[in-house]
1. How tilted is helix 30-47 with respect to the longest principal axis of the chain? Cα atoms for both, answer in degrees (0 to 90, nearest 10).
2. Please check: in the Gaussian network model of the chain (C-alpha springs, under 10 Å), which one of 74, 34, 84 has the largest mean-square fluctuation.
3. State the answer as a single residue: which of 72, 134, 86 lies farthest towards the positive end of the charge dipole of the chain, with beta carbon charges of +1 for Lys and Arg and -1 for Asp and Glu, about the Cα centre.
4. Compute and list, largest first, the equivalent-ellipsoid semi-axes of region 55-109 from the alpha carbon gyration tensor, each √(5λ) rounded to a whole angstrom.
5. Top mean-square fluctuation among 25, 63, 115, Gaussian network model of the chain, C-alpha springs under 10 Å?
6. To the nearest µm²/s, what D does Stokes-Einstein give for the chain at 20 °C and 1.002 mPa s, using the Kirkwood radius over alpha carbon pairs as Rh?
7. Using only Cα atoms and rounding to the nearest 10 degrees, what angle (0 to 90) does helix 101-134 make with the longest principal axis of the chain?
8. When the expected Rg is taken as 2.2 N^0.38 Å, what fraction or multiple of it is the alpha-carbon Rg of region 22-72?
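Just so it is clear, none of the values below were taken in a lab; they were calculated from the coordinates. All values reported here derive from a predicted model rather than from experimental measurement. Glycine gets a Cβ as well: all are built from the backbone with ideal geometry, and neighbour counts include every protein chain shown.
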Amino acid sequence: MRCLRRLLSITWQDHITNRAILSQAAMPSMFTILTQRRLRWLGHLCRMDDGRIPKDVLYGELATGTRPTGWPILRYKDACKRDLKACGICPADLEVVALDRENWRSTVKMGVLLAEERKEMQWEEKRTRRQQSAQPAPTDSTTAYTCSKCQRCCRSRIGLYSHSRVCNQTTD
């Protein structure tokens, strides 16, 4: 993102979001690029002959050993399964779909585009919710806090507290 900002002559003082910069540069996000590359490599592995080392490593299981307790560190196959689900590809049908290289490439490309659009919509919804919650609640004009000594009206209880400290010092 820093390189894109430099290429487009955009500084952080311009307050332009990363999504706006990506759309201006007509580039997908880094997560999208990684997902697409990971899925294309997965299709390549599925088309490999049995007995090849990369395929054996991906499909292999350890005979002994345990994983640490708690939230386990994600394996490569876990990330691939998450990407498949995000792109709308059933992990059970992976080997059948990946056999045809051209079909697999187009399926991955469309799935990644749809997943990116869904993710962007979720980000936008989250952003609007955050902005709505950040807006101050409408204040009721009848709720006024008045000082008992000088009868000054304050907008909030904390404002009245702050004023009363000053008011008490001047009257003493």
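1. Around 20 degrees separate the two axes.
2. Ranking 74, 34, 84 by mean-square fluctuation puts 74 first.
3. The one lying farthest along the dipole's positive direction is 134.
4. On the way: eigenvalues 144, 41, 12 Å².
The answer is 27, 14, 8 Å, longest axis first.
5. Maximum fluctuation in the GNM of the chain, among the listed residues, is at 63.
6. Working: Rh = 22.0 Å.
D = 97 µm²/s.
7. 10
8. Cα-based Rg divided by the globular estimate yields 1.71.
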